[in-house]
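Colleague: One structure, pasted below without further comment.
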Amino acid sequence: VDTQTLGVPVGLVFFVPHTDGTITAQGPSPAGAMRWEVDAAAWRQAGERCPELATVEPEVEALLVNTVRGQDHHWIVPLDDCFRMVAVVRREWRGLSGGGRVWPAVEEFFAGLTERR
């Protein structure tokens, strides 16, 4: 899933379908989660390319994406995992660019998801 085509300008983000049919995207920042509204038509088009998106349980699961720094991770996970990722970024972020600890911590978080699957 290309985050840009869904109107989200970042590569570390999770997409949450809601019971009312809307989709939001949230990405970590030093201050917590940033939030965007996702165009429903763009989400439907993504679902045509990736039928697994139809299995995401609204307000319980999310599509978690990491395409930062050459990564290509796409997971359907419980929302708890998404907010754990936001907490990792918030805890490890230093200065304006994140510092040297945030990206290794994000990589470790995704390695943990891989081990659990």
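The values are calculated or read from the model by the stated rules, or taken from the named source; none is laboratory data. In this text the structure is predicted, and so the values were computed from the model without any measurement. Cβ coordinates were reconstructed from backbone atoms using ideal geometry, including for glycine residues, and neighbour counts include every protein chain displayed. Ligands, DNA and RNA are excluded from the accessible area calculation, which covers all protein heavy atoms including side chains. Shrake-Rupley method; radii C 1.70, N 1.55, O 1.52, S 1.80 Å.
Colleague: Per residue of the range 7-19, what does 6.51 cos²θ - 1.76 cosθ + 1.60 with θ = phi - 60° give for ³J(HN,Hα)? Whole Hz please, x for Gly and Pro, Karplus curve as stated.
Modeller: x, 10, x, 10, x, 10, 7, 10, 10, 10, x, 10, 5
Colleague: Same structure again: Before I look further, what does the chain give for accessible area per residue, probe 1.4 Å, in whole square angstrom?
Modeller: 55 Å²
Colleague: So, one more: Please express the Cα-Cα pair-distance distribution P(r) of the range 9-69 as a list of whole percents, one per 5 Å bin, running from 0 to the bin with the greatest distance.
Modeller: 4, 18, 28, 29, 15, 5, 2
Colleague: Picking from M34, Q4, V16, whose Cα lies most toward the positive end of the charge dipole for the chain (charges on Cβ: Lys, Arg +1; Asp, Glu -1)?
Modeller: Ranked along the dipole, the leading option is M34.
Colleague: Here is a follow-up. For every helix of n ≥ 4 consecutive DSSP H residues, a contribution of -39,500 (n - 2.57) applies; sum these over the chain, divide by its total residues, and give [θ] at 222 nm rounded to the nearest 500 deg cm²/dmol.
Modeller: -10500 deg cm²/dmol
Colleague: At a 1.4 Å probe radius, carbon and sulfur cover how many percent of the accessible area of the chain?
Modeller: Taking all protein chains in place, the chain shows 52 percent carbon and sulfur surface.
Colleague: Which label belongs to the value computed from this structure, given these candidates for Cα Rg over 2.2 N^0.38 Å: (i) 1.18; (ii) 1.07; (iii) 1.02?
Modeller: (iii)
Colleague: Just to be sure I understand: with springs between alpha-carbon atoms less than 10 Å apart, which residue in A46, A87, A54 has the highest mean-square fluctuation in the Gaussian network model of the chain?
Modeller: Ranking A46, A87, A54 by mean-square fluctuation puts A54 first.
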